[in-house]
Amino acid sequence: MRTYSLAYLTANASTVPQAIGIAAKLGYAYVGLRVQPNGPGAPFQTLIGDVAVLRETQAVMRDTGVGVYDLEIIRIGEQFKVADHAALMDIGQTLGAKAVLIAADDANESRLADNYAALCDAMRPYGLTADLEFMPWTAVKDAKSAMRVVELAGRPNNAGILVDALHFGRSTTSLQDIAAIPREWLHYAQMCDAQAGLNFTTEELIHTARQERLLPGEGNIDVTGLFATLPQDLPVSVEIVNLERSKPMGDKAWAELCLNATKKALGDA
């Protein structure tokens, strides 16, 4: 049986302890948390620097057995400094997290690879993998680009490539490209659906990613082929944000719908 993680975006209105409680009730083994914003002024979950929330989080984790799989988000831009993200690494170690989602904003591939290598080095003592997510509006647009950055970085032993079904379906990435990713670079993958294609504007790509994803089977991304190509024991992060549909029903009902649709698509229902 696969293990499932409740991604931040799927339960984006919930606090960290609330998300863990929802995951426990629905049968998710893990949660993913966004503990620092993905852009200036963007929403995130209060945890870093809040002793009360951390204490409550640890208590709920102990009571439920739900773990933290991944933390979001570290972006590597032109002015990137590893030290700026020490607090995220520290909270990751405290909670026993396994992975950190990395986004690439630096078009200078050599500098990007150098900074990614430095980040991997810094994260290693914390027990964290640095999972580089390819996204078609970023500097790392597809799986081949992500692999190239990891290679240029010297193949750090805690390097990773994060495959999101949405970005697979909206980039030039093929199933052959997915199959070429070394197994040791794959730590988890993200599930959702949408309309596939290469003709979306940057604004449309970001809008779908952050507000309007579909349940597996509702779009035309080859999620079945994708997850058949990925390792069968790879943990699945259920990342299906749809603000218009989720807000009226609440995070718990939406997260249940998302998990059931994901399991059905993967033959686990």
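Here are some notes:
- The stretch 129-269 pair-distance distribution - Cα-Cα, 5 Å bins, rounded %: 2, 10, 20, 22, 19, 15, 8, 3, 1, 0
- Considering only the Cα atoms of the stretch 1-131, their convex hull presents on average a projected area of 8.4 nm².
- Spread of Cα-to-Cα distances over 5 Å intervals beginning at zero, given as percent, for the stretch 75-158: 3, 16, 29, 26, 16, 9, 1
- Length gained when the stretch Gln195-Asp63 is fully extended (0.36 nm per residue, less Cα-Cα span): 43.6 nm
- Rh by Kirkwood over Cα pairs, then Stokes-Einstein D for the chain at 0.692 mPa s and 37 °C, µm²/s: 178
- Square roots of five times the Cα gyration tensor eigenvalues for the stretch 189-252, Å: 21, 17, 10
- Normalised by the number of residues in the chain, the mean separation of alpha-carbon contacts (under 8 Å, six or more apart) gives a relative contact order of 19 percent.
- Counting DSSP beta bridges with both ends in the chain, the antiparallel % (nearest 5): 5
- Nearest-0.05 FRET efficiency for Leu234 and Glu256, computed from C-beta distance (R0 22 Å): 0.50
- Put simply, the convex hull of the Cα atoms in the stretch 1-46 casts, on average, a shadow of 3.3 nm².
- Under the simplified labelling scheme, the Ala269-Ser110 pair shows an inter-label distance of 5.2 nm, with each label point 7 Å from Cα along Cα→Cβ.
Values quoted throughout were computed directly from the atomic coordinates according to the rules given, and no laboratory measurement underlies them. No experiment lies behind these values; they were computed from the predicted model shown. So basically every Cβ, Gly included, is an ideal-geometry build from the backbone, and we count neighbours across all protein chains shown.
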